[in-house]
Amino acid sequence: ATTGSPKQYANPSPQSPAGAARRHLKRAARGGPVPLMLRAPRLQWLLVPFVLLALILLVRFLLVGVYTMPAESVSMAPTLFPADEGGDRWVLAWLGAYWFDGPSRGDVVVFRMPGQASPLVKRVMVLPGERWWIEDGDLFVDGARLVKDRALLDRVAVPLLGASDFEGGADGMRRAEGLHRGYLLPDGAPSRAPGTVRDVVVRVQVRAASADPSFSLQIEEKGRARAVLSLRGGGGRGRGFASVDGAEVAKGDAFTIRGGEEVEVWLTNADGVLRAEVAGREVVRAAFRPGWIHTVAFLAEGVEVVEAAVARDVVYEADDRQERTVEDGHYLVLGDNSRESRDSRAFGPVPADALLGRVFAVAWPPSRVRRVR
C-alpha cells in the first residue's frame, strides 16, 4: 500500500532530497552548474575506499605508532616479552596520549632521547619535581618508600607460579612439594636455593565447601611464618585474623568466609607493607620489615582453592643511594627488568617533548598479542 497523492509526488517539498534535485535540474536547464554527485550518483560509492584509506592513514600516522623492539632488548621483560624469546617484537603506542596532559606513574611509554636513532620503551616511575633514590631494591619518592597501589603493583609484578601449578588445590593441610612448599626463583622455577625472592604478590580464589571452613595463607621465611592471613567460618574454629611476626594486626567480620561462598584473597608484603584484600576490600595494612621469602603456603580445611597465582614485585638495582630530584618537564623512566635495563639511571630523566606516546598493546609476534596496562 502507498500513501500520498500523485500531486504530492509531482511537487516534492523544497526541503526534501527530491526537491533539492529538482532545483539543481532547473538550474542546469538554464545553463547553470550541476553537482558532481547528481551527474554521477555512483561516483560516491567509488569514493568510499579512498575515504576509508584516508581514515586508516590518519589513525596510523597521527594517532597510533608501531615500534619495533629488537630481540636483544630485554629491559621490559617479562612485562612485554620473555627475555629468552628471539626475533623482533612490535608494540603499539597511542600517539595522542600526552597531547594535553603528562604521563601517570606506571605508564609504559615510548620515547626518543636526543642523539639516539631508535626509540626506547620504559615505564614512568617518578614524576616532575619529585625526589627519588633506590635502596634495598625499592624506589623511594619524596623521602618515603614508594608503596605501589594494587593497580600499579599488578602491572609491574613478575609472574612466578600460575593456576596450572596449583591444580588439585589445597585439601586439608596439603602443601604441594616444589610448589606451595618450594623456593621461588625470579624466573618462576621452583628451587632449593635460598634467598631468591623477597617481595611477593599472592592472589587466591577460594570456595568454602563446608559449613565451618578454614583457610590460611602464609608467607614464610626460613621455615617461620612471618605473615598469616586466616579466614574462618565463625564456628568452632574461632574467628579469622591477620598477624605479622606472631603479633595480631587485624581481625573481625572481614575475615569470615561462609559455607558455599567464593572469594578472592590478595596478599602482598611488597614495599615494606603487609596488605591484604578479601573480596576486593582491604582488610590489612601493617608495617612489614623486608626480608627474603622462601615459602608461600596454603593451609585449608573445608575450602577448595579454585585458582591461585604467585608473583614478585620488581626489584630495582642501584649503585648508590644518592638522592636526586626530577626537574620540571621531565620524567624518570625505569625498566621492569632492572638488572638488564639501561634507563634514567644511566641517561637521566626524559624530557616531556621526547615522549612519543603510551604503549597500549603488543602487536607481534601473534602469540604475544595482548593489551598492555
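The values are calculated or read from the model by the stated rules, or taken from the named source; none is laboratory data. In this text the structure is predicted, and so the values were computed from the model without any measurement. We place every Cβ from the backbone using ideal geometry, glycine too, and count neighbours over all the protein chains shown. In case anyone asks, the SASA skips ligands and DNA or RNA and just uses the protein heavy atoms, side chains included. Shrake-Rupley method; radii C 1.70, N 1.55, O 1.52, S 1.80 Å.
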- Can you pull out the residues in region 335-373 that are among the hydroxyl-bearing types (S, T, Y), assigned to a loop (DSSP other than H, G, I, E, B) and surrounded by fewer than 19 Cβ atoms within 10 Å (Cβ to Cβ)? none
- Item | strands (runs of 3 or more DSSP E) within region 230-334 that include 2 or more residues modelled with pLDDT of 90 or more | 241-244, 247-251, 262-268, 273-278, 281-287, 330-334
- Applying the selection to region 251-274, what residues are among the polar types (S, T, N, Q) and crowded, with 22+ Cβ neighbours inside 10 Å? T268, N269
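Considering only residues that are of a type in the set (D, E), open to solvent by 40 Å² or more (accessible area, probe 1.4 Å) and part of a loop (DSSP other than H, G, I, E, B), which ones fall in region 86-136?
Hits for region 86-136 are D88, D101, D136.
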- Query: Which residue out of E221, E277, E248 is on the phi < 0 side of the Ramachandran plot and exposed (fewer than 14 other Cβ atoms within 10 Å of the Cβ)?
  - Reply: E248
